[in-house]
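Heads up, the thing below is written out as structure tokens.
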Amino acid sequence: MCVGFQELRFTLLVYTINIRVSLGRYNDDFDDGEDIAEFDDNDFAEFEDVSEDPAVDVEKEPPPRAAPSSTPIEDEEDEATVENEDGQDEFEDADAQDQDMYSKYDNEEFEGHEKTNPSFKDTLIYREVPAHLQNSWESYYMEILMVTGLLAYIMNYIIGKNKNSRLAQAWFNSHRELLESNFALVGDDGTSKEATSTGKLNQENEHIYNLWCSGRVCCEGMLIQLKFLKRQDLLNVLARMMRPVCDQVQVKVTLNDEDMDTFVFAVGSRKAMARLQKEMQDLSEFCGDKPKSGAKYGIPESLSILSEMGEVTDGVMDSKMVHYLTSHADKIESIHFSDQFSGPKVMQEEGQPLKLPETKKTLLFTFNVPGMGNTSPKDMDSLLPLMNMVIYSIDKLKKLRLNREGKQKADRNRARVEENFLKQTHAQRQEAAQTRREEKKRAEKERIMNEEDPDRQRRLEEAAQRREQKKLEKKQMKMKQIKVKAM
Amino acid sequence: MDLSAKIIYKPPNTETNPTLEDPTPDYMNLLGMIFSMCGLMLKLKWCAWIAVYCSFISFANSRSSEDTKQMMSSFMLSISAVVMSYLQNPQPMSPPW
């Protein structure tokens, strides 16, 4: 029996030692000076100082490490002991009792511990989660707006393109018969070498359609351009809301030299006439006077006339023409007949051009499509009488001839214009001639230098010298003659 | 109908008369390229978006005879500017106000 008790006691001892070892592992912050050796001598030494139940302490030691500061108030005194040994300073409490608790400690024992109590009354700052991590489409509203704008642009492009196409087709359908009866070649895009009739419009753009007609007496050819509004461009559509503009049909008839006499004439709306007089080369040179009101010739006041001479106006403005102009005055933008047509004035970078621009006998008609932008395909039928007027004009001008006086006046005008042009460009032409002469001399000198045979070289040099001498003599003669004449 | 010699259509020579040509598609093309480069280099999203719009406007105003390759390259450049600026910075665009 005594052996049994001793065994039991030994077992208890071992058990106690085990407990202490495991406790020792928890107490990592211990100074190794206070030691397991001490506890080995006196197993229950750690419990001696504490007034409370040792069991409570044993239980309490591991949890305070893991558990947060939720139970410091209840187990204050225990924790005070435990915390002292553990150094668990992070479980802070705003409570005053905690403050007292801390003030008991020796300041030197703890490093880096600040006695200041942070107040938990500061408001929590909520940092904003960046928008792209928020998982909400609402933050991308600008991008959605942009994409919507693009979609609107594309929709408008498709709708505008289709409308222009329908308008062009409607125009062609209503005019096809008239054109085919007057021209052998209707529709040519210029790609084939032979002149074959394609019978359809040539699309240059989403808003410009061309039609070339040829094969008729009295004219070389007729180019019809349907200049519609840029309905396919949303920006243009918005701009047109501020400033309404209409679709235009431009007809340009080029004539052979024998098909028209020499004159320049224009009739159209007042605004258009003022603009053309400034812009067009021939109108500015030959029709210097202000546009005259059309009322004198029986056409509406809204139209005005630019003419080289009165005889031309009288000749062009016959009754049928007056009838056309009166009944379709709103659709007529401008009508321009000219034998000196060279297009608008060209601004050249190097000052005046050295040569007169090439001219061609041309009839240029610009018609406004009714509707002021809101055109429907039915409106295209109303342009048919205007095409009749074009055909009539071609035939009429073939027969229109100026009398002798008119012809002389016209010739004088053309000579005057040419002379003015030559005067303006005189200096430049002189310079150009000088450079040409110098180039010639240089080329000749080079030729002489390159000549290998010395005899031949000498002979060429002599010939050049003789030529120079002759030129000088000629000049001197001329000067003498001028002096004599002056005297 | 009196017949006469048929003459083949010759397109008006716009090189001698540049005033006849509409400069809008060329300007828009150039603007588009400039904005694309700004969007790519300076990482500005709004530049890239404007470049896309410029490409669309240039396409809408272009002539039929114009090279489609140039249009396509302009589109691709502007779209790549948009994509690159969002890859580098996925945050949404902030309005200027």
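Some notes on this structure:
- For segment A:203-220, the set of residues classified as under 35 Å from the mean Cα position of the chain (by Cα) and buried (at least 19 other Cβ atoms within 10 Å of the Cβ) consists of A:ASN205, A:GLU206, A:HIS207, A:ILE208, A:TYR209, A:ASN210, A:LEU211, A:TRP212, listed by residue number.
- Residues (of a type in the set (A, V, I, L, M, F, W, C), assigned to a strand (DSSP E or B) and either out of contact with any helix residue (DSSP H, G or I) (no Cβ under 6 Å at 6 or more places or on another chain) or under 17 Å from A:GLU177 (Cα atoms) (or both)) located in segment A:188-223: A:ILE208, A:LEU211, A:TRP212, A:CYS213, A:MET222, A:LEU223
- For A:GLN203: the one exception among (1) free of Cβ contacts under 8 Å to residues at least 40 places away in the same chain; (2) out of contact with any Phe, Trp or Tyr (no Cβ under 6 Å at 6 or more places or on another chain); (3) closer than 20 Å to B:SER62 by Cα: (2)
- Taking the listed residues A:GLU180, A:GLU279, the one that is free of Cβ contacts under 8 Å to residues at least 24 places away in the same chain and surrounded by fewer than 19 Cβ atoms within 10 Å (Cβ to Cβ) is A:GLU180, with no other qualifying.
- Output for segment B:63-97, where each listed residue is modelled with pLDDT under 90, within 11 Å of another protein chain (Cβ to nearest Cβ) and either within 30 Å of A:GLU206 (Cα to Cα) or touching a His at 6+ places or on another chain (Cβ under 9 Å) (or both): B:ARG63, B:SER64, B:SER65, B:GLU66, B:ASN89, B:PRO90, B:GLN91, B:PRO92
- Selection of segment A:157-186 for residues being facing another protein chain (nearest Cβ under 9 Å) and in contact with a Leu (Cβ under 6 Å, 6 or more places away or on another chain) yields only A:ALA184.
- Residue identified as among the β-branched types (Val, Ile, Thr) and in contact (Cβ under 8 Å) with a residue 40 or more places away in the chain among A:ILE208, A:ILE159: A:ILE159
- Across segment A:361-378, the number of residues qualifying as buried (at least 17 other Cβ atoms within 10 Å of the Cβ) and charged (D, E, K, R) comes to 1.
- Scanning segment A:239-291 for residues that are outside any loop (DSSP other than H, G, I, E, B) and among the hydroxyl-bearing types (Ser, Thr, Tyr) yields A:THR254, A:SER269, A:SER284.
- Of the helices (runs of 4 or more DSSP H) lying entirely inside segment A:391-487, those containing at least 3 residues that are within 45 Å of the chain's Cα centre (by Cα) and farther than 24 Å from A:GLU308 by Cβ span A:426-450.
- Residues of segment B:67-93 satisfying the condition of being touching a residue at least 12 places away in the same chain (Cβ under 8 Å) and either among the hydrophobic types (A, V, I, L, M, F, W, C) or under 20 Å from A:ILE154 (Cα atoms) (or both): B:GLN70, B:MET71, B:SER74, B:PHE75, B:LEU77, B:SER78, B:ILE79, B:SER80, B:ALA81, B:VAL82, B:MET84, B:MET93
- A:LEU226 meets each of the listed conditions (1) buried (at least 23 other Cβ atoms within 10 Å of the Cβ); (2) in a loop (DSSP other than H, G, I, E, B); (3) more than 20 Å from the chain's Cα centre (by Cα) apart from (2).
Results for (1) assigned to a helix (DSSP H, G or I); (2) out of contact with any Ser or Thr (no Cβ under 8 Å at 6 or more places or on another chain); (3) of a type in the set (A, V, I, L, M, F, W, C); (4) within 14 Å of chain B (Cβ to nearest Cβ), shown as yes or no for each residue.
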{"position": "A:VAL312", "(1), (2), (3), (4)": "yes, yes, yes, no"}
{"position": "A:LYS320", "(1), (2), (3), (4)": "yes, yes, no, no"}
{"position": "A:TYR324", "(1), (2), (3), (4)": "yes, yes, no, no"}
{"position": "A:GLU358", "(1), (2), (3), (4)": "no, no, no, yes"}
{"position": "A:SER382", "(1), (2), (3), (4)": "yes, yes, no, no"}
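The values are calculated or read from the model by the stated rules, or taken from the named source; none is laboratory data. Bear in mind the structure is a predicted one, so any value in this text is a computation, not a measurement. Counting neighbours? That spans all protein chains shown, and the Cβs are built from the backbone with ideal geometry, glycine included.
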